[in-house]
Every structure is written in structure tokens, then in C-alpha cells.
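Please treat every number below as a calculation from the coordinates, not as lab data. No experiment lies behind these values; they were computed from the predicted model shown. Note: ideal-geometry Cβ built from the backbone for every residue, glycine included; neighbour counts use all protein chains shown.
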Amino acid sequence: MNMLGMFCIRACSGLVGRWTATCVRSLHAFPGITVDQIDEEVSKLLQLKAQLGGDDGKNQFVLKTAKGTRDYNPKQMAIREKVFNTIIGCFKRHGAETIDTPVFELKETLTGKYGEDSKLIYDLKDQGGELLALRYDLTVPFARYLAMNKITNIKRYHIAKVYRRDNPAMTRGRYREFYQCDFDIAGQYDAMIPDAECLKIVHEILSELDLGDFRIKVNDRRILDGMFAVCGVPDDKFRTICSTVDKLDKMPWEEVKKEMVNEKGLSEEVADQIGEYVSMQGGMDLAERLLQDQKMSQSKLACAGLSDIKLLFTYLQLFQVTDKVVFDLSLARGLDYYTGIIYEAVLTQAGVAPVTTEAQNGAVAEESVSVGSVAGGGRYDGLVGMFDPKGRKVPCVGVSIGIERVFSIMEQKAEASTEKIRTTEVQIMVASAQKNLLEEKLKLVTELWNAGIKAEVMYKKNPKLLSQLQHCEESGIPLVAILGEQELKDGVVKLRVVATREEVDISRAALINEVRRRTSAA
């Protein structure tokens, strides 16, 4: 940089927003500096000023949400609220109570519980001597809660935000901050009854939300471990191979095998044996066949898991949900804390022809094309014991609804539909057809509020009746209570039905009951 440029930076540093005559005049003291040179350097500084920001000295910045997060407008929130109400209604129908836990936990509470996914935990800076992390899911905090409070029996649901330092794919409902809706049963019960109820709950919620066709895949961690053992996977590689198998819903078998061999160090022979098993799907009949399988029958662990799968399908038949449930040996679910039954619900793409495959017995089977997991869970009998000083275990099984993916689908359906989505629940608008009736309107709206009626009034002294009625049509408010001088004298209110424009005089005393009657079905 030439001497003039260096001087300009020194002389005018910090004054980019204040172009003083002193700064420019001082340049004339340098011998041999022409006006053109001064103008050129001033032009450069003006460009620098434009880059740095306006005259207030504040830097320009882009207004946006953080990566992997989003805002929700009133229409989107109305859809979310409807979905939450459906889910909470189902959880309560099955006898669950609710709890809440902090959004962050001690880091040591979370580490070592999620296998390879632990790298996605959001660490926080040291806070007064405590190393903290944002919660990764609601299951580990629930286990900590049980151990801390010495609870051995509870059926609970918990709906709250969790955080993952993931690469977001927001078009597919994958975020860094998102809600989970968890239902869990903790306690010592007879085998597979609570597990079957969790699957029944998933079936009820997905059916009620009407998201399209779905399948609930089930497997058992013991079957996977037994399969790995009889195929020749070393004990210390069980969990890492399990995480690789878990990618089969996103990657073809050839890529999964390549990862097993090239990255995880398995021989091709062992990988091929695993490949034969993880391609199997079926129901109770598949569990019975595997119990007779020459290799699988050698593993006591696998046999215990297969026996429980048979029992599970017995209960699922009684719950009338077997039409949507499939025993799938490729289902792995990578989280370390699962000890028994595991399951995952996936939506099947509408309008996509099923993939035709040849089953083990030679029959032709049809597999639906998966478009993403919307629920998952399983049994985790050892997690609470990890927090208990004496290692006392509390058997647990639960399910988590992938609510953000559900929201994405519901929003797409709403966009495609012509049906108007209401963002408020106002039942009636208090309006006037004449001037100077603000006080009377405020008295009436107060009566309605005090009676528990959802009511609204415009914040103007003398609004036009047309604008009040247009507001009702735009907002979906079904009723209007119109006041006028004559109505006040007669002790009545003119009740207008917005949809039909029908008007009827109702006595002031009967208005509240009439509003309730007309809006009870809404």
C-alpha cells in the first residue's frame, strides 16, 4: 500500500461515518499529492464506508433465524395446536400423566447414552462450575428424573423441545431445535403388554391425524445382538455395526455393506451373512421360522427376543393393529440405551407403486416405499439403573412422536386444501351500526368474557359496520352481536350469522346461552 493510502487509513480510522474536512485538509500537507489522488483515496474510503454500514457506525447484518430453526406464523401454529391436542388426547386416553424437566442437563447426565449420536449433543460453556448441555431427547432426562425421585412406577407423557447439533434438512422436517412428544411406561409388568400398548398408541395417533398410509416396523435389540454373534461380529463391534445397519432406511445395502467392511473392519463373508437376515420381513410366522433357524437358534439372546416378538403379535392382534405392523430385521435404531423391543413408524409415499420383492418362501411380497420416520421407541430396562447409586433398575418402554415431520406434512396438506384455517377461536364479534356506542359495546363484550365466551370488539370508537363484518368473514368469526339505539331500548341484541347473513333479535339475558348453543358444534 502506498504512503497516501496508509495515511488515509490512520487519519480516518474510526471516522468512516464522519467525513471531516480536517481529515481531507491534512492530506494537502504531503508534498506531491494531487487533488486527483486525494479524490481516489476518498472514493476508496467511501466504498469502505458502504461496506461497513450506515452513518450510525453499526454493522449491517442479515435478519434470519439460526441454522436448523424456524419461526411459525399464526396459521402454522393453529395446525401445530391441533396436532398437539390430538396427541395429548390419545396419551390421556391411555391414562398418562405429564411431567417437565429442564431444557439443559449436566453434561455427564447425557454423555455415553446415545452411542455414535453423542457427537450431536449441544455443549454449553461452563456455568458457575457446572458443565452443561442442551437435552438431546426426553428419555434420558426422564430416566434421571425417575432415579432422583426413586420412582419405580409411572405412565407419563412429556412434550418439549430438544436440541441436536445436526446438519438440518428442514424440507424433510429435520431441525436442530424441535419438539418431541414422548409416552413412556415405567414399572415391572408382564412381558409385552406395555410394549403392545405403545404400538397401539402410535397406530391411534397416525390414524387420527390422517397423514396417509403408514407402517410400524418392529424388531428386538436381543435379536440383533444374537444375529451379530452367530454371523461372527466381534462383541466390541456390536454397537457400531448396529448403527450402520440403522442406515438401511436411507442407504442401499451395497453402501451399508461397504461401510461395514471398509470403515468398521468386518469381513465380506460376515457382512453377507448379516445381509441375508436384515432383508427379512414378516409377522409372527417369521419369528417362528427364525426360532427354527440353524444359526439363530444357537443364540439364547436371539431366541428370547423372538419369543417376545411372538407374544407381542398376540397382543397386537387383540389391539387390532397388526394390519400396520411388520417384523423387520433391518430395524436397528442406533441409540445405545435400548435393551429389548424397538419400533419405528414410517409413512408410505402416496401414489408410489409398491416395490415387488421375493420373500424367503418364494412368494411375491410387496414393500411400501418409505418416506421417513414419524415415530420411534423401544424398551430401555437399564437406563434408570445408570443413574441410581445402587444400580437399581426400573424397566421402561416408550415411544416418541416425530412431531416436526408430522407438522411438515400437515402444512403441505393445508396448503393444498381450499379450507380456511382459523388462527383464533373467537366465537362472536360485538359490533355497532351507529356512532357513539363504544361504552355499550365494551359493557356487552365484558359480559361475554365474564361468561367464558370468546369475544372480540374493534379498537375504534366509531368503526363502520361493513369493516366490522368484513373482519368477521376474514377471521372466520361465526357470529356478530350488533348493537343500535333501538336494540338498547328494547333490551335485545341483533345476532347475525356471518356465513348465511341471517339476523335475529335475541334478548340480552338469553344471548350467552344462544352463543353457546350455536358455537358448541364448531
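Some points to look at:
- Between residue 450 and residue 520, the FRET efficiency estimated from the beta carbon spacing at R0 = 22 angstrom works out to 0.70.
- Given R0 = 51 Å, the distance between the Cβ atoms of residue 193 and residue 462 translates into a calculated FRET efficiency of 0.15.
- Of the chymotrypsin sites (Phe, Trp or Tyr not before Pro) found in segment 183-235, those that fall in a DSSP loop while having at most 16 other beta-carbon atoms within 10 Å are 189.
- Of the peptides 284-293, 494-503, 132-141, the order by per-residue mean of other Cβ atoms within 10 Å, starting with the highest, comes out as 132-141, 284-293, 494-503.
- For segment 141-238, the normalised intensity computed at q = 0.10, 0.24 Å⁻¹ comes to -0.47, -1.18 (log10 of I(q)/I(0), Debye sum over alpha carbons, equal scatterers, no solvent).
- Which listed pairs, of 250/310; 454/489; 161/264; 119/310; 75/107; 92/393, have C-alpha distances above 32 Å, in listed order: 161/264; 119/310; 75/107
- For segment 428-520, the Kirkwood radius over C-alpha pairs fed into Stokes-Einstein at 10 °C and 1.306 mPa s yields D = 122 µm² per second.
- Inter-site label distance for residue 500 and residue 150 at 7 Å from Cα along Cβ, in nm: 6.5
- Dipole of segment 428-520, positive direction: furthest Cα of 471, 500, 433, with charges on the beta-carbon: 471
- Placing +1 on the Cβ of every Lys and Arg and -1 on the Cβ of every Asp and Glu, with no other charges, gives segment 428-520 a dipole of roughly 140 debye about its Cα centre.
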